[in-house]
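See structure below.
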Amino acid sequence: MSGKQGGVMWSGRHDDCFEMTGRAIAEEMERRRAIQRAKAVKFSREQVELSRKIAHEAEAVELERLAVLGQIPQAEYKARMAALEDSADERTWQEEPDAP
């Protein structure tokens with residue numbers, strides 16, 4: 001055959017066009033995957049923070065319950081609540097630099 005296939009001339013430019021299109025599709029797919037990964041990481045971090053807040057609140061409620069029932073002294077209640085607040089503040093401070 002003399003450069004014709006099925007009545008159509010094929011040139012190097014035609015192959016380049018397919019290659020560029022394929023490359024563009026692959027780049028777009030990779031970009032979308034990166035966006036999906038970033039969204040998943042953000043969602044995961046939000047879920048971890050929510051879980052920590054719930055645990056913090058549950059611990060605070062339990063301390064208050066123990067204090068009201070007289071199962072721990074008021075001074076211990078205050079000290080443990082202060083420590084709980086300090087640890088929550090410290091976690092928040094440590095996480096903020098990573099936030100976008």
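The values are calculated or read from the model by the stated rules, or taken from the named source; none is laboratory data. The structure presented is a predicted model; accordingly, all values stated were derived computationally and were not measured. No Cβ is skipped: glycine too gets one built from the backbone with ideal geometry, and neighbour counts run over all protein chains shown. Keep in mind that these areas ignore ligands, DNA and RNA; they rest on the heavy atoms of the full protein, side chains included. Shrake-Rupley method; radii C 1.70, N 1.55, O 1.52, S 1.80 Å.
See the values below:
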item: Ranking by accessible area, most exposed first, for Ser87, Ser51 with a 1.4 Å probe; result: Ser51, Ser87
item: 13 Å beta-carbon shell around Tyr77, net charge (K/R +1, D/E -1); result: -2
item: Region 16-82, Rg to Rh (Cα coordinates; Rh as Kirkwood inverse mean 1/r); result: 1.58
item: Residue-span extension gain [Gln36 to Met81] - 0.36 nm each, minus C-alpha spacing; result: 12.3 nm
